[in-house]
Amino acid sequence: MKLKLNMWTAIYDIFEIIFAFFSWFLIMGAAFSDAGKDNASSMATFLAVVALIGLVLNVWSLVQSKKHQISIVGPILGIIGSGIFALGSIMAFPAMVLLIIACVFSFMQKPVKK
């Protein structure tokens with residue numbers, strides 16, 4: 001049995017990977033175009049919200065996968081990757097690596113061996 005929640009969480013993780021990849025460019029661009037405004041911190045806040053939404057989705061996916069006896073490797077890696085990205089954009093590269101691996105495992109959705 002495959003869960004649609006795992007599929008949508010993996011798709012959101014891909015979305016989060018794209019934001020993690022561009023996070024340094026987005027924040028630096030906002031900082032340099034900061035004409036007396038606080039664009040850089042609002043961009044960092046937006047990226048943190050993206051990461052926290054990914055964290056919540058991966059926790060929900062973990063609970064549902066455990067309930068339906070599906071492998072929990074993908075959601076756990078997604079939780080770690082989203083948590084690292086939520087800490088700050090300085091950790092964007094490790095977060096991208098973990099989220100890519102999490103996407104692969106979330107899309108596979110293997111049943112747990114009994």
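The values are calculated or read from the model by the stated rules, or taken from the named source; none is laboratory data. Just so it is clear, the structure is predicted and the values come from calculations on it, not from any experiment. No Cβ is skipped: glycine too gets one built from the backbone with ideal geometry, and neighbour counts run over all protein chains shown.
Residue check: Ser42 meets all listed conditions (1) crowded, with 17+ Cβ neighbours inside 10 Å; (2) out of contact with any Leu (no Cβ under 8 Å at 6 or more places or on another chain); (3) modelled with pLDDT under 85 but one, namely (1). Among the conditions (1) aliphatic (A, V, I, L, M); (2) in contact (Cβ under 8 Å) with a residue 24 or more places away in the chain; (3) surrounded by 14 or more Cβ atoms within 10 Å (Cβ to Cβ), the only one that Val59 does not satisfy is (2).
Is one or more of the residues making up region 50-64 more than 17 Å from the chain's Cα centre (by Cα) and either in a helix (DSSP H, G or I) or among the acidic types (Asp, Glu) (or both)? Within region 50-64, one or more residues are more than 17 Å from the chain's Cα centre (by Cα) and either in a helix (DSSP H, G or I) or among the acidic types (Asp, Glu) (or both).
Any chance region 96-111 includes a residue that's over 14 Å from the mean Cα position of the chain (by Cα), part of a helix (DSSP H, G or I), free of Cβ contacts under 8 Å to residues at least 12 places away in the same chain and over 17 Å from Val49 (Cβ atoms)? The answer is no; no qualifying residue exists. Considering only residues in region 45-56 that are among the aliphatic types (A, V, I, L, M) and touching a residue at least 12 places away in the same chain (Cβ under 8 Å), the one that is surrounded by the most Cβ atoms within 10 Å (Cβ to Cβ) turns out to be Ala51. Whether a residue is under 30 Å from Lys110 (Cβ atoms) and either not β-branched (Val, Ile, Thr) or not in a helix (DSSP H, G or I) (or both) was assessed, and Gly29 does not pass this test. Of all the listed residues (Ile90, Ile84), the sole one being surrounded by 15 or more Cβ atoms within 10 Å (Cβ to Cβ) and either farther than 21 Å from Phe22 by Cα or out of contact with any strand residue (DSSP E or B) (no Cβ under 6 Å at 6 or more places or on another chain) (or both) is Ile84.
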